[in-house]
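Only the coordinates and a few stated rules stand behind these numbers; no lab work does. Here the structure is a predicted model, which means the values were calculated and not measured. Quick reminder, even Gly has a Cβ in these numbers, built from the backbone with ideal geometry, and neighbours come from all protein chains shown.
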Amino acid sequence: MEQHAVDQLKAIAKINRTYPRPEMSRSERLERWADLLDRDPDLLLLTLRETEYRPEEERLAMRADGTAISVAFADPVFRAAGLENDTYGEAKRFFELSDRQLHRLVCFCHFGARVSARTVAHSVRSLAARNSNGIIARLVAFFER
């Protein structure tokens, strides 16, 4: 499947940015991402190297084919909901994740060069489960930033 950024598509198609986007909560987006990863749980996904050491601008632009983020970007529902590309920064924005949270999902230092989709799905579901308004959830979210 060929994937293109919105800017690339503008050269070959008319883009209607006013088309209504499906509204999904953060929890719904995270759950759907985990479901997408679980469709092929033994798939080995690439990780991104040293996300925690890169300057912010470089980190936000990081991407690679075959990552957990590219699995999300391949989903037409996510693209319709506003996921614009498969970069680290776009995943951070779209899924409303802190650097620490996203680092834990996609970085080489936690998994090595490859990680199973099942493992990432489990971690994504853990983040979704923490999405409550209780005091403990708010404290955890505060210290993960």
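Quick check: net charge around residue 68, other residues with Cβ under 15 Å of its Cβ, Lys/Arg +1 and Asp/Glu -1?
Net local charge, residue 68 excluded: +1.
Specify whether the C-alpha gyration tensor of the range 42-137 places it in the rounded, prolate or oblate class, a ≥ b ≥ c being the square roots of the eigenvalues: rounded for a/c under 1.5, otherwise prolate if a/b is larger than b/c and oblate if not. Display every interim value, and only then the final one.
Details: a/c = 1.23, a/b = 1.16, b/c = 1.05.
Rounded, because the longest to shortest axis ratio a/c is under 1.5.
Each residue of the range 108-125 in turn: what ³J(HN,Hα) in whole Hz from Karplus with 6.51, -1.76, 1.60 and θ = phi - 60°, glycine and Pro shown as x?
For the range 108-125, the Karplus-derived couplings read 3, 5, 8, 10, x, 5, 9, 9, 6, 4, 4, 5, 5, 4, 4, 5, 5, 5 Hz, x marking Gly and Pro.
Return the FRET efficiency for the residue pair residue 52, residue 8: r is the Cβ-Cβ distance, R0 is 30 Å, and the value is rounded to the nearest 0.05. Mind showing how you got there, number by number?
Working: r = 30 Å, r/R0 = 0.99.
After rounding to 0.05, the efficiency reads 0.50.
Hey, rough spin-label estimate for residue 98 and residue 113, points 7 angstrom out along Cα→Cβ, what's it come to in nanometres?
Here the answer is 3.2 nm between the modelled labels.
Among 53, 98, 72, whose Cα lies farthest out toward the positive end of the dipole of the range 24-144, if unit charges sit on the beta carbon of Lys, Arg (+1) and Asp, Glu (-1)?
Sorting the options by dipole projection puts first 98.
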